[in-house]
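See structure below.
Nothing in this text is a laboratory measurement; each read-out follows from the coordinates by a stated rule. This one's a predicted model, so the numbers in the text were calculated from it and none came from an experiment. So basically every Cβ, Gly included, is an ideal-geometry build from the backbone, and we count neighbours across all protein chains shown.
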Amino acid sequence: MSLIGGIVGGMIGFTLLGPIGALVGSVMGSKMTRQAKSRRNPNNLDHQVAFFTALFACLAKIAKADGRVSEEEVSKIESFISNKFNFSEDERNFAINIFQKAKSDSVSFDAYAQQLYQLLGSSPNSLLVFYELLFELAMADGEMHENEERLLKKIPNIFGFDKNIYKDLYNKYVENISNAYEILGVTKGMTLEEIKKVYRVKRKEFHPDALISKGLPEELIEKAKEKFIEIQAAFEIIEKEKK
């Protein structure tokens, strides 16, 4: 059964008691059956619906945290839908509608995250994936806004994570990206094609074979290889962030 089929078939009755269910109800409306309001024991499909509803709701709160939803953030959301989740057209519309509703509703970021923890607290790996996706969106435009950071810092406490998890993900998604731009000598405002041109030039300049032909001492070849790998890794980080 598909995600949307489960919702229409009345498979998420338990969530109607909280903000996640209210949000789903506002999006699906009359498509949901009365059966949805009678069941109280969640199953795996319930958890999937809750995960994606809370995810796109919290993504909306992150995207709007700096005052506006940027083009880069819209592109990242589309990338999640098409590339990460492989949603059908109906599922895509559901996710977009959840995002749009949550972007301007009065329910807090904390409320959506807290209910998700109540439902998926026994699956910390699922919650960690959720957290990483929030970080990815926050860095879609290449920088972390202070309001986005404020929301992201709440998650470890809500999800019961180790206090160091925020720092670990900050280093992974924020510091690594900043360092990658510095390594290539490019800026966040450049397009991927512009960055790719710079990368190709640097890659050619630091290729060990090219340096050997220019008389680089054999003792420094290993260092040149390290630099070559560093340049390659930096481009891969930026390429993933830009897509």
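A few notes on this one:
- Cross-link table Lys84/Lys223; Lys61/Lys242; Lys64/Lys153; Lys61/Lys167, entries beyond 25 Å C-alpha to C-alpha: Lys84/Lys223
- Separation of the Ile212 and Ser88 label points, Cα + 7 Å toward Cβ, nm: 5.6
- The label-point distance for Ile229 and Arg150, in a model that sets each label 7 Å from Cα toward Cβ, rounds to 4.2 nm.
- Rounded to 0.05, the FRET efficiency of the Gln114 and Arg203 pair, given R0 = 51 Å and the Cβ-Cβ distance, is 0.65.
- Cβ crowding within 10 Å averaged over residues, with 93-101, 72-80 ranked highest first: 93-101, 72-80
- Inter-probe distance in nm under a simple model that places probes 7 Å from Cα toward Cβ, at Asn157 and Leu128: 2.3
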